[in-house]
Amino acid sequence: MFEFIDTPNPNAKKIMVEHNFEISIYLDAESIEDKNLKTLFNHHDVENIFSGPGFLTITKKANSLWENIIQDLDT
């Protein structure tokens, strides 16, 4: 569903996606209407989502594993 791209922060990954969100803000569930993005936001291991120009940065909870998050979202 999403291609997760590594960042210098091991708890954060970037996804390339065109969006209409204001740049450089943390998103909340109310600001996301897209069904796929809402699924990502509502995942129990995702701590926050930050908007950038043409991408979103996803930060996971410190004790969570990317492998589990990615597997959950690909099913």
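Skipping prolines and chain starts, which residues have an amide H placed within reach, meaning under 5 Å, of the one on His19, given they are 5 or more residues away or on another chain?
Gly54
If you take the charge dipole of the chain about its Cα centre, with +1 on Lys and Arg Cβ and -1 on Asp and Glu Cβ, which of Leu65, Asn42, Phe55 is farthest toward its positive end?
Leu65
Using +1 on the beta carbon of Lys and Arg, -1 on that of Asp and Glu, and nothing else charged, what's the dipole of the chain about the Cα centre, debye to 20?
Roughly 160 debye for the chain.
At Asp34 and Glu47, where each label point lies 7 Å from the Cα along Cα→Cβ, what is the point-to-point distance in nanometres?
Label at Asp34, label at Glu47, 2.3 nm between them.
Only Cα pairs under 8 Å and at least 6 apart count here; give the relative contact order of the chain as a rounded whole percent.
Over the chain, the number comes to 34 percent.
Read-outs throughout are calculated quantities, based only on the coordinates presented, and are distinct from any laboratory measurement. Fair warning: this is a prediction, and the values are worked out from it, not measured in the lab. Ideal geometry is used to build each Cβ from the backbone, glycine not excepted, and the neighbour counts take in all protein chains shown.
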